[in-house]
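Q: Below you'll find the structure I mean.
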Amino acid sequence: MLRFENISMVYRTDSVETHALREFSLDVEEGEFVAVTGPSGSGKTTFLNIAGLLERFTAGRYLLDGKDVSALSDAETSRVRNEKIGFIFQGFNLIPDLNIYDNVDVPLRYRGFNAAERKRRIESTLETVGLSSRMKHLPSQLSGGQQQRVAIARALAGNPRFLLADEPTGNLDTQMARNIMELIQSINMSGTTIIMVTHDDALAGMAKRNVHIRDGRVSDDGSSVQLANVATA
Amino acid sequence: MFRYYLKLGWLSIRRNPLLSALMVAAIAVGIGASMTTITVNYTMSNNPIPHKSEQLFAVQLDNWDPNQDDPSSFEPPDQVTYTDAMALMRAKKAFRQVASNRSGLVLEPENPDERPFSVDTRNTWADFFPMFEAPFLYGSGWDEAADENMDQVVVLSQAINEQVFGGENSVGRSVRLNGMDFRVVGVLKEWLPMPKFYDVTNGPFDPTEEVFIPFTVAIEHELPRNGNTNCWKPTDGDGFEAFKASECVWIQFWAELRNEDEKREYMEFLNAYVEQQKELGRFPRPMNNRLDDVMEWMERQEVVEEDAQVMMGLSLLFLLVCLLNTIGLLLAKFMRKSGDISVRRALGARKSDLFRQHMIEAGLIGLGGGVLGVGLTLLGLKGIQSLFGDIVDNLVGMDWVMVLTAIGLAIVSALLAALYPTWQACRIMPASQLKTQ
Amino acid sequence: MEFGPIWRAMMRNKTGAILIALQMAVTLAIMVNAITIIQERAQAMSRPSGVDEPNIFYILSIGFSENFNERLAIEEDLAALRAMPGVANAIQTNSMPLSGGGWSMSLQTEPGAGIEGTGTALYFIDEHGLDTYKLNLVAGENFSASDIEWREPADSGWPQKTIITQALAETLFPDDWRSALGSTVYINDDQPMTVTGIVERIQAAWNGWSGVERTMLVPQHTLFGSTNYVIRAEPGMRDQLMPQVEELLASNNKDRIVRRMRTMDETRERSYRDDAAMIKMLTFTVILLLLITSLGIVGLASFSVSRRTKQIGTRRALGASRSAIARYFLVENFLISAAGVVLGAGLAVGLNMLLVEAFDVDPGSLITLVPLAMLALIVIGQMAVLGPARRASNVAPAVATRTI
């Protein structure tokens, strides 16, 4: 459902050219849970930004659900993000002014659902992440783990085809990290495709497939066999 | 979505109360300053008789000095001579016409214990009341026969009727003016044309006269005049008769002409009249008769004072400074929110969604500034009143048009100020702010 | 601290700087022109009327009945007024300096119609006039009692003598105003009058008239039905005298009314009320404007400090002193202000030209005013940025190592 064909990404400033991705190719099938790993500066984040239609690329082709998205207008990519993609960030990125309910509401507003539909979806996704009782709280009143659950609820509320997670547990302690990872795994079990970027190999082990990036290219692509190790980490 | 954006705007305003307060204050001060001066200018350039102003014409005849001025800039005088006023009144070529002048008389109350007092007076003709649509509380104006017969009749203002007759219907009763008895035929309701277009020469913002008597009676009894009198040439001999025959101008002349045809015919009549007078040795300058309708007349007579215009110009520049201020503050505010904006973009907000959201936020700030600005305008007008005293009482009211204008101007100003910051905010790349906290 | 790096850093993020500079430019333009108008008005208000203002008051008498014998009334009134204790002197006249309503005629030095004359305000007075007003006679002599005639409303003739002001003499006889004394001037095209005296100054009724000091005094009592009595009180007696005078005139003749008793002080206040109001409004505007501009500078500078907190911490960590950090913001503000006031100087001159063109405003002395205003705005800018700069200098070096 997600296909990168020879994608290159070059950042240019006056004097320097930085190649973040070089002819990067990758296929992700429906229902997969892919962990993308690599050292700092390897191009992980660029990959995620391009996959999430947050950034345009310099060359190559990106097919999402069989459709070439490189030619879409800004408004169209916004719509694709809104309908098909859910984001989970390391820093949660909740909107501090809005309470939990309203944070989950944000993508649904842009989707154009009516009030009843939005309410149903918000309540059911918050139920899923176990935060039904905190709907009126502001993000600042929640722990880091709870905030990330809200972010996950927000990502799920629109029933996206896949989730993009960027170091989802990077700001959390070990116990909370494990809870979040279990939540993400269970979301994958119920059919949502997940792509997670991390520099933590142990975390990557919880995914079904690991893709390693080095210098803007895929250097290793294989199924994970280290599931058990993480559980005890 | 509008209500959603309103809510977001309100939340955002609450998030930086100090910055928001500064913006609201900047807009309010700019609006307060400019609306104060705009209100004064608006009242000064008000159309005092809107539905009829295009049918009422100030008549100008150029009987002036051929030796003065540069001949290319000859302006006819703003008033007419007695000779010409009477000729035009007698000719009756307009649908209605009225010659009038300002005067002051002394009114003696019936009760000998009360001291006589002076009253502002207008010497005028029967057509004055229907022509300028003076509203009557009791009775009516006088008729043409009264002008002809020099009947000693009078129309009182409501205030004078209150003072002399305790507000009763005084039609038929008698009033003593300068030692002569006048019969009351009518009492006006509150009537305050602003500006007083029918006599801008003697003060466009003066209150309406307190009593009105027939012009013919004032002439017959040589009652005093106290309006502006202008002469370019010595009178021929002494006495009132000589003055009446002189080239001195002191009478305001108005004609009601209902359409273009009537106006054209009247102009032809005026030209023919001046032509005939030229043969008698008058009107030494080239033919230069004018018919200006109410608004043209007030513009030509520069009724709006220069000080008011200068202040309005400066206060609009002041508003500009306040807006530049607001642009800077909005830019700071929106940039501070760039994290939120990135998140919204990632969650599927289009640029147009964010544009709307931020313009509505700016509109809210403008609304706040406008409401506060109306308050400051009222304060500013009070200030003007205390500086100028009673002479501006009639200029410092704020009607609902001005209130809405103030709020509208505030919102439009805020939206204009928000254009650039919002454009910048919408340009924030969705990915740029997501990684760092 | 060198300007170069600060300037370059500023140009990389120039919108805020441009906004402040523009704001200062428009502020300067408004300020300079407001002050120009204020100076013009203040100058007009400071002109002396020529009369003894603190002690003079006047009252209007209007005869209304058929029985009113105006000539007799004037003679009786003047005799009674001059006899009142506390009254230094009194006259009857047609109008007062600065009162807004009066009589003007055209005077010429050659007889004949069609000659461009000199507009002249005139007051009808008797031989007590000079003393009542306390005018300074600089040449010639006062009227004598036998010079005084009586004038009916529509009389067209003029007496033989007149006393004129020095300003009028200078206009009529530009070569040597002293030569006016004894000369003949012509009123009503060809009626001769001889200048028998010159007074230093008495202003006309209209303060806005360009010839406000061109006045002639005519030795006549007027019989116009309504008339002004001018009374000069002994020093300190004015306020006590006023109600007495009003009561005397109101009660000694039932065929007239008296009204509008005013002091010269009040007349001056009324005459210049518009100008005084304009001065106050403009002053208030300028103060408010400077306040708004300063607040804007504080707001944007604070934002800039908080945005650069980490950068400032890094600089501190690298060894920059507190004062160097504060200086950075002061210099930055100075560069912005300098650009703003230079642009503003241009705007100020442009706006001035526009006002002069459209409204006949006095151009004023921009050459001294503009540099002064530029300097003042730069100082105000520096003062406004002082707070944020101090806050910047208090940023701890440790901020550099914190990630969030």
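The values are calculated or read from the model by the stated rules, or taken from the named source; none is laboratory data. Please read these numbers as outputs of a predicted model, since none were measured by experiment. Glycine gets a Cβ as well: all are built from the backbone with ideal geometry, and neighbour counts include every protein chain shown. Areas reflect the complete protein model, heavy atoms only, side chains present, ligands, DNA and RNA absent. Shrake-Rupley method; radii C 1.70, N 1.55, O 1.52, S 1.80 Å.
Q: Could you state the orientation-averaged shadow area of the convex hull built on the Cα atoms of chain C, in nm² to one decimal?
A: Its average projected convex-hull area is 28.7 nm².
Q: Something else now. Treat every Asp and Glu Cβ in the protein assembly as shown as -1 and every Lys and Arg Cβ as +1, leave all other atoms uncharged, and give the resulting dipole magnitude about the Cα centre to the nearest 20 debye.
A: Charge dipole, the protein assembly as shown, about its Cα centre: 9620 debye, nearest 20.
Q: Here is a further query. Hey, can you list the residues from the range B:16-37 whose accessible area shrinks by 30 Å² or more with all protein chains present, relative to the chain by itself (probe 1.4 Å, no ligands or nucleic acids)?
A: B:Leu22, B:Val29
Q: Kindly give Rg over Rh for the range B:180-315, based on alpha-carbon atoms, with the Kirkwood expression for the hydrodynamic radius.
A: Values: Rg = 18.6 Å, Rh = 18.6 Å.
Ratio of gyration radius to Kirkwood radius: 1.00.
Q: Could you tell me the center-to-center distance, by alpha carbons, between the range C:30-90 and the range B:400-416 in angstrom?
A: Between the Cα centre of the range C:30-90 and that of the range B:400-416, the gap is 47 Å.
Q: With 23 Å as the limit, write out which pairs from B:Lys92/B:Lys263; A:Lys119/B:Lys351; B:Lys189/C:Lys254 have Cα-Cα distances beyond it, or answer none. Provide the component values of the computation, followed by the final result.
A: Numbers: B:Lys92/B:Lys263 14 Å; A:Lys119/B:Lys351 25 Å; B:Lys189/C:Lys254 33 Å.
A:Lys119/B:Lys351; B:Lys189/C:Lys254, as the Cα separations exceed 23 Å there.
Q: Would you compute, from DSSP H runs of 4+ residues alone, the mean residue ellipticity of chain C at 222 nm, taking -39500 (n - 2.57) per run and dividing by the full residue count, rounded to the nearest 500?
A: Roughly -17000 deg cm²/dmol at 222 nm, from the helical runs in chain C.
Q: Give the separation of the Cα centroids, the range B:1-72 to the range A:21-57, in Å.
A: Result: 58 Å between the Cα centres.
Q: In addition: Could you tell me what percent of the DSSP beta bridges with both partners in the range B:56-300 are antiparallel, to the nearest 5?
A: Rounded to the nearest five, the antiparallel share is 80 percent.
Q: I would also like to ask the following. Take the range B:56-300, compute every pairwise Cα distance, and split them into 10 Å bins from 0; I just need the percent in each bin.
A: The calculated distribution, bin by bin, is 7, 31, 35, 19, 7, 1.
Q: Given contacts defined as C-alpha pairs under 8 Å and at least six residues apart, what's the relative contact order of chain B, whole-number percent?
A: So the answer I get is 29 percent.
Q: Ok, one more. So what is the calculated 222 nm ellipticity per residue for chain B, using -39500 (n - 2.57) for each DSSP H run with n of 4 or more, over all residues, to the nearest 500 deg cm²/dmol? Walk me through the numbers before you get to the answer.
A: Details: 14 runs with 213 residues, N = 437.
Helix-only estimate at 222 nm: -16000 deg cm²/dmol.
Q: A follow-up question, please. Below 8 Å, C-alpha to C-alpha, sequence gap of six or more: please give me the relative contact order for chain C in percent.
A: 28
Q: Give the dimensionless ratio obtained when the Cα radius of gyration of the range A:1-121 is divided by 2.2 N^0.38 Å. Don't skip to the answer; put the middle values down first.
A: Values: Rg = 16.7 Å, N = 121, 2.2 N^0.38 = 13.6 Å.
My calculation over the Cα atoms of the range A:1-121 gives 1.22.
Q: Quick one: if you take sqrt(5λ) for each eigenvalue of the C-alpha gyration tensor of the range B:189-242, what semi-axes come out, biggest first, whole angstrom?
A: In descending order, the three semi-axes are 27, 16, 7 Å.
Q: Quick one: check the C-alpha center-to-center distance for the range C:285-354 versus the range B:344-361, whole angstrom.
A: 32
Q: Normalized C-alpha radius of gyration of the range B:90-234, against 2.2 N^0.38 Å?
A: Compared with the compact-globule rule of thumb, the range B:90-234 sits at 1.02.
Q: One quarter of the convex hull surface, Cα atoms only: what value does that give for the protein assembly as shown in nm²?
A: Its Cα hull, projected and averaged over all orientations, spans 57.5 nm².
Q: Which residue, chosen from C:Thr314, B:Thr229, A:Pro39, occupies the Cα position most advanced towards the positive end of the dipole of the protein assembly as shown, where the dipole is computed from +1 (Lys, Arg) and -1 (Asp, Glu) charges on Cβ about the Cα centre?
A: Positive-end residue among those listed: A:Pro39.
Q: Further question on the same structure: Excluding ligands, DNA and RNA, what is the accessible area buried between chains B and A, summed over both sides, using a 1.4 Å probe, to the nearest 100 Å²?
A: 2500
Q: Per the protein assembly as shown: cysteines with no other Cys C-beta under 4.7 angstrom?
A: B:Cys322, B:Cys426
Q: Average partner chain C-beta neighbours within 10 Å, per residue of A:87-100?
A: Averaged over the peptide's residues, the number is 5.
Q: Restricting the count to DSSP beta bridges whose residues both fall in the range B:135-229, what percent are antiparallel, rounded to a multiple of 5?
A: 70
Q: What are the lysines whose alpha-carbon lies under 24 Å from the alpha-carbon of A:Lys44, with same-chain residues fewer than 8 places away excluded?
A: Excluding near neighbours in sequence, the set is A:Lys67, A:Lys84, A:Lys208, B:Lys435.
Q: Moving on. For the range B:275-378, compute Rg over Rh where Rg is the Cα radius of gyration and Rh is the Kirkwood radius from the inverse mean 1/r over Cα pairs.
A: In the range B:275-378, Rg relative to Rh is 1.41.
Q: If the cut-off is a Cα-Cα distance under 16 Å, which aspartates and glutamates reach B:Lys333, setting aside same-chain residues fewer than 8 apart in sequence?
A: Within reach: A:Asp97, B:Glu361.
Q: Same structure, new question: If you average the sequence gap of Cα pairs under 8 Å that are 6 or more apart and divide by the length of chain A, what percent do you get for the contact order?
A: Contact order relative to length: 29 percent.
Q: Taking the Cα centre of the range C:53-270 as origin, sum charge times position over the Cβ atoms of Lys and Arg (+1) and Asp and Glu (-1), and report the length of that vector in debye to the nearest 20.
A: Approximately 500 debye in magnitude.
Q: Still on this model: Direction-averaged shadow area of the convex hull around the Cα atoms of the range B:1-119, nm²?
A: Convex hull of Cα atoms, orientation-averaged projection: 20.4 nm².
Q: Along the range C:191-204, what does the Karplus equation 6.51 cos²θ - 1.76 cosθ + 1.60 (θ = phi - 60°) give for ³J(HN,Hα), rounded to whole Hz, x for Gly and Pro?
A: With coefficients 6.51, -1.76 and 1.60, one gets 8, x, 9, 9, 7, 9, x, 10, 9, 4, 6, 8, 6, 6 Hz.
Q: Over all residues in B:338-344, what is the mean tally of Cβ atoms on other chains that come within 10 Å of each residue's Cβ?
A: For this peptide, the per-residue mean of nearby foreign Cβ atoms is 5.
Q: With each label point set 7 Å from Cα along the Cα-Cβ vector, what nm distance links C:Ala80 and A:Thr174?
A: 11.4
Q: Sticking with this one: Over the range C:53-270, with every protein chain in place, what whole percent of the accessible area is carbon and sulfur at 1.4 Å, could you tell me?
A: Exposed carbon and sulfur together represent 45 percent of the surface.
Q: Let me ask something else. Which ³J(HN,Hα) values, rounded to whole Hz and listed in residue order, are derived for the range B:13-29 from phi using the Karplus coefficients 6.51, -1.76 and 1.60 in 6.51 cos²θ - 1.76 cosθ + 1.60 with θ = phi - 60°, glycine and proline given as x?
A: Once rounded to whole Hz, the list reads 5, 6, 5, 10, x, 5, 4, 5, 4, 4, 5, 4, 5, 4, 5, 4, 5.
Q: Tell me which residues come under 5 Å, amide H to amide H, from A:Asn210 once H is placed; ignore anything under 5 positions away on its chain.
A: Counting only residues 5 or more places away or on other chains, the set is A:Ala35, A:Gly222, A:Ser223, A:Ser224.
Q: Only bridges with both residues in the protein assembly as shown count here: give the DSSP antiparallel percent, nearest 5.
A: Given both bridge residues lie in the protein assembly as shown, the antiparallel proportion sits at roughly 70 percent.
Q: Would you kindly work out the equivalent ellipsoid of the range C:53-270 from its C-alpha gyration tensor and give its semi-axes, the square roots of five times the eigenvalues, largest first in whole Å?
A: That gives 30, 19, 15 Å for the three semi-axes.
Q: Now a separate question. To check my understanding: the extent here is largest minus smallest coordinate of the Cα atoms along each principal axis. What are those three numbers for the range A:134-180, in Å, largest first?
A: Taking the Cα atoms of the range A:134-180, the three principal extents are 28, 27, 14 Å.
Q: Ignoring ligands, DNA and RNA, what percent of the 1.4 Å accessible area of the range B:56-300 is carbon and sulfur?
A: 44
Q: Give me the one-decimal nm value for the distance between modelled label points at A:Asp200 and B:Lys52, 7 Å along each residue's Cα-to-Cβ direction.
A: Simple spin-label model gives 8.7 nm for this pair.
Q: If you don't mind, there's one more thing I want to ask. Counting only other chains, what is the mean number of Cβ atoms within 10 angstrom of the Cβ of each residue in peptide B:301-309?
A: Details: counts 0, 0, 0, 0, 1, 5, 9, 2, 3.
Going residue by residue through B:301-309 and averaging, the value is 2.
Q: Right, another one. Treat the range A:59-131 as a sphere of radius equal to its Kirkwood radius over Cα pairs and apply Stokes-Einstein at 10 °C in a medium of 1.306 mPa s; give the translational diffusion coefficient in µm²/s, rounded to a whole number.
A: 111
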